[in-house]
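Notes follow the structure.
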């Protein structure tokens with residue numbers, strides 16, 4: 001039976017590439033205390049070291065990682081299907097939904113999970129509202145989570161940030177009631 005906890009994902013793209021360079025996801029573990037996350041660099045065959053990546057110097061290391069540790073889109077799609085089967089998946093950005101769908105379309109694989117059309121931050125805000133958390137308390141929690149696990153130029157860290165925010169909201173409201 002799949003977990004009721006949402007899965008948060010992030011996709012990182014460089015320049016005008018036809019596919020993302022990294023896909024990351026995270027969710028609250030069944031123990032309701034841990035955050036489980038993974039990410040993979042995408043290494044399509046047509047991406048070569050000599051290509052014009054249209055990148056900044058800050059991304060130099062990440063591009064090196066893509067070229068050395070990247071996996072095929074098929075491998076990543078299969079891993080996502082195993083790890084996230086029958087789960088509800090939420091993006092942090094509407095473009096990420098399109099990138100993920102495009103990645104699956106590119107290899108002719110159907111996702112085994114449901115990509116929801118509600119952005120991750122909206123989902124967490126809605127959860128806080130339903131659980132009776134004030135907007136002031138939610139803002140404070142967002143700040144605390146940002147300090148504990150800031151958003152970066154890394155898909156896994158961004159997905160973990162959202163899962164940690166979800167976990168913090170649900171733990172805080174559960175301890176209040």
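The values are calculated or read from the model by the stated rules, or taken from the named source; none is laboratory data. Keep in mind that what you see is a predicted model, and the values were worked out from it rather than measured. Neighbour counts are summed over all protein chains in view; Cβ atoms, including those assigned to glycine, are modelled from backbone coordinates with ideal geometry.
Points worth noting:
- Qualifying residue in region 39-61 (condition: surrounded by 15 or more Cβ atoms within 10 Å (Cβ to Cβ) and modelled with pLDDT of 90 or more): yes
- Test: residue in region 90-99 that is modelled with pLDDT of 90 or more, surrounded by 14 or more Cβ atoms within 10 Å (Cβ to Cβ) and either under 19 Å from the mean Cα position of the chain (by Cα) or assigned to a loop (DSSP other than H, G, I, E, B) (or both): yes
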